[in-house]
Amino acid sequence: MQTSAIRGRWEGICRAVSRIPMIYLYSFFLAMAIAISFHSWYSSQDMERWTRYNNFLIFKQAWSHLIHYQDLYVLYEAEYYDLYKYSPSFAMWMGVFAWMPDVPALICWNILNVVVFIWAMRTLPVCKAHMPAMFLFLAIEMMIALTSSQINVAIAGAFILSWHFMENKKVWAAALCVVITIYIKIFGIVALSLFILYPERWKAAFYTVFWIVVLGLMPLLVVSPAQLLFLYKSWAHLLTNDFSASYGVSVMGWWHTWFNMEISKQTFILTAAALFMVPFTRFQYYKEPLFRLHMLSSILIWVVIFNHKGESPTYIIALMGVAIWYFTQQPTRINSILAVLTLVFTSFSSTDLITPYWIARTYVEPYAVKAVFCSIVWLKIIIDPMLAGWAPALRKTPQLL
């Protein structure tokens, strides 16, 4: 009775919000980006050192360090805390924002993230009645991501756009989207697996190499070849040392804190990668739109839950994977329950708008609670195509184009 009630209330909420015009939701998300930007700046005024939009300053200042031939991968304590961990190419792209004062730059930055998100979401084959619920499903996690002033929202959007461009045989654009994510966060490499599902996979491989070379050499417009080589070596050194630093808000972090398991990261990641590839053995499903969408969902979730440096703001990527999985197929009891539990323990649990701050900081983040139900959903995505009874479900998805 309890599970039926949960499912009934959840589906009732989805029906109620389906009447909200999408233009209102687009405006709401854009307004959220502007409001959070102002709040991050204003609330930083009483801080003696650094700011609440530290991540954005790391990105923005990377441009100055790049053009002044400084090492991008050392700590600049006078400017911000933490390290820059992204490519020299991304540092160059941040020149678009570097000339602006912090407030307009931060506003433009967060708006860019939201615009990419809206663009990507509009390409998904979700029926109009379900789209408002899908946006609201992601609203709290979007707020958390924007508050951190990172680029996770745009990365998730780029993954989706890569899928969209492959569906429409715009292979060069699909490869460009993936390579851009790789030069921002190295885990974008996982999204290359999406190309396996399409007949144009070899063309995608060619364009991927092409864009890797073009974007990788782009900083030569402002630095010498010797300096660029030095920066790539420094980046590689940082990433190598960074790998052993922590378990993060991930499956590894979950198992380590809950069960005190000492885990070999290399073995764990290789095992997770093997599991990730299992559905790709179902070659007969490659032609099915739902299967390709679920593999996109798998990618979005995998890059977060198996990221040893995963943080709470990164989970907008994973939750977008859960949303695509849930809203692009007919709802079932188990799927609805998992969607609700994922929303509660991933989004609701990590914002003090709903969960008391001390609970979030004492239990939710240290014990990697956000990873739990995202991981269960990911396992279901992996297992479902391997079941004999799943094939007929492919024909029962009127939402899909």
Revision key, fill the gap. How many residues of the stretch 317-347 are closer than 20 Å to residue 365 by Cα and among the hydroxyl-bearing types (Ser, Thr, Tyr)? The answer is 3
Exercise for review: Go through the residues of the stretch 149-171 one by one and say whether even a single one is more than 13 Å from the chain's Cα centre (by Cα), modelled with pLDDT under 95 and crowded, with 19+ Cβ neighbours inside 10 Å.
Suggested key: yes
Exercise for review: Could you look through the stretch 19-46, keep only residues that are more than 25 Å from the chain's Cα centre (by Cα) and more than 24 Å from residue 314 (Cβ to Cβ), and pick out the one that is modelled with the highest pLDDT?
Suggested key: 42
Check your understanding: Is it the case that some residue within the stretch 236-251 is of a type in the set (Gly, Ala, Ser), crowded, with 18+ Cβ neighbours inside 10 Å and under 21 Å from the mean Cα position of the chain (by Cα)?
Key -> yes
Check your understanding: Looking at this structure, is residue 230 aromatic (Phe, Trp, Tyr), farther than 30 Å from residue 368 by Cβ and free of Cβ contacts under 8 Å to residues at least 40 places away in the same chain?
Key -> no
Exercise for review: Return the total of residues in the stretch 197-241 being assigned to a helix (DSSP H, G or I) and closer than 19 Å to residue 177 by Cα.
Suggested key: 20
Review point. Are any of the residues in the stretch 72-83 among the β-branched types (Val, Ile, Thr) and either crowded, with 22+ Cβ neighbours inside 10 Å or not in a helix (DSSP H, G or I) (or both)?
Key: yes
Check your understanding: Got a number for residues in the stretch 228-277 being at positive phi and among the small types (Gly, Ala, Ser)?
Key -> 1
Check your understanding: Under the condition of being free of Cβ contacts under 8 Å to residues at least 40 places away in the same chain and part of a helix (DSSP H, G or I), which residue from the stretch 40-59 is surrounded by the fewest Cβ atoms within 10 Å (Cβ to Cβ)?
Key -> 42
Review point. So which residues in the stretch 330-352 are part of a loop (DSSP other than H, G, I, E, B) and open to solvent by 50 Å² or more (accessible area, probe 1.4 Å), if there are any at all?
Key: 330, 332, 352
**Study point:** Of the criteria (1) in contact (Cβ under 8 Å) with a residue 60 or more places away in the chain; (2) buried (at least 22 other Cβ atoms within 10 Å of the Cβ); (3) closer than 27 Å to residue 374 by Cβ, which one residue 125 fails
**Key:** (2)
Practice item. Please tell me if residue 62 is in contact (Cβ under 8 Å) with a residue 40 or more places away in the chain and open to solvent by less than 30 Å² (accessible area, probe 1.4 Å). Key: no
Check your understanding: How about the stretch 184-237: which of its residues are aromatic (Phe, Trp, Tyr) and within 15 Å of residue 72 (Cβ to Cβ)?
Key -> 230, 232, 235
Check your understanding: Within the group 254, 258, which residue is over 30 Å from residue 196 (Cα atoms) and surrounded by 13 or more Cβ atoms within 10 Å (Cβ to Cβ)?
Key -> 254
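The values are calculated or read from the model by the stated rules, or taken from the named source; none is laboratory data. Bear in mind the structure is a predicted one, so any value in this text is a computation, not a measurement. Ideal geometry is used to build each Cβ from the backbone, glycine not excepted, and the neighbour counts take in all protein chains shown. Surface areas here come from the heavy atoms of the whole protein model, side chains and all, with no ligands, DNA or RNA. Shrake-Rupley method; radii C 1.70, N 1.55, O 1.52, S 1.80 Å.
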